[in-house]
Amino acid sequence: MPTRSIDNSNSRLLISEILRKVSNAKTKQEKVSLLRKYNTNALRQLMIINFDDSVVCELPEGDVPYTPNDAPPGTDHTRLESEYRGLYRFFKGGAKLPGLKRETMFVQLLEGLSEEEAELLVLIKDGRMNDKYKRITKAVVSEAFPSIEWGGRS
């Protein structure tokens, strides 16, 4: 029996795995189709955070000093799919928190996620998802999710 590589021991893909598939798709229509196939509130919210210029992050820009979770993907860590509901705390118009408290909460969130999802979240907070997932554009996301209304969030 041939062996196959298992990225994630959980049957549901991590958002970072979904975005890797979408980024590797050859055509715009394949990308749109994959985004629709894996459509979740979490995925749409992360695309809005990344691509909507009216979303203003209240965390310092750039890399975040945290200790990556080295557990195998899909095992002993939280998932962006379930943690996305609390992301409002880190953006303008969200929870009123002291800066240090907000930054500490973000580091704790990153340390609970798989290394790949934590890296994705750091990129998304600055609108830099394209640094890693180069072929996912706002146009592709807009076509996949036409119900997203861009702008007016802050």
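The values are calculated or read from the model by the stated rules, or taken from the named source; none is laboratory data. As the structure is a prediction and not an experimental result, all values here were calculated from the model. With ideal geometry, Cβ positions are generated from the backbone for all residues, glycine too; neighbour counts draw on all protein chains shown.
Structure summary
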read-out	value
Selection within region 42-84 - part of a helix (DSSP H, G or I) and at pLDDT below 95	L80, E81, S82, E83, Y84
Among the residues listed as S82, S114, the single one being among the hydroxyl-bearing types (S, T, Y), surrounded by 15 or more Cβ atoms within 10 Å (Cβ to Cβ) and more than 19 Å from D53 (Cβ to Cβ)	S114
Output for region 28-41, where each listed residue is touching a residue at least 60 places away in the same chain (Cβ under 8 Å) and part of a loop (DSSP other than H, G, I, E, B)	N39
Per-region count, region 102-149, residues of a type outside the set (A, V, I, L, M) and touching a Ser or Thr at 6+ places or on another chain (Cβ under 6 Å)	6
L59 among the aliphatic types (A, V, I, L, M) and touching a strand residue (DSSP E or B) at 6+ places or on another chain (Cβ under 9 Å)	yes
Top-ranked residue in region 85-111 [being of a type outside the set (A, V, I, L, M) and in contact with a Leu (Cβ under 7 Å, 6 or more places away or on another chain); ranked as nearest to S54 (Cα to Cα)]	F90
Filtered residues of region 92-111 (kept if in a helix (DSSP H, G or I), among the hydrophobic types (A, V, I, L, M, F, W, C) and surrounded by 13 or more Cβ atoms within 10 Å (Cβ to Cβ))	M105, F106, V107, L109, L110
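Quick grid of which residues meet (1) within 17 Å of S16 (Cβ to Cβ); (2) modelled with pLDDT under 95:
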| residue | (1), (2) |
| --- | --- |
| E103 | no, no |
| E117 | yes, yes |
| V122 | yes, no |
| M129 | yes, no |
| V141 | yes, no |
| F145 | no, no |
| I148 | no, yes |
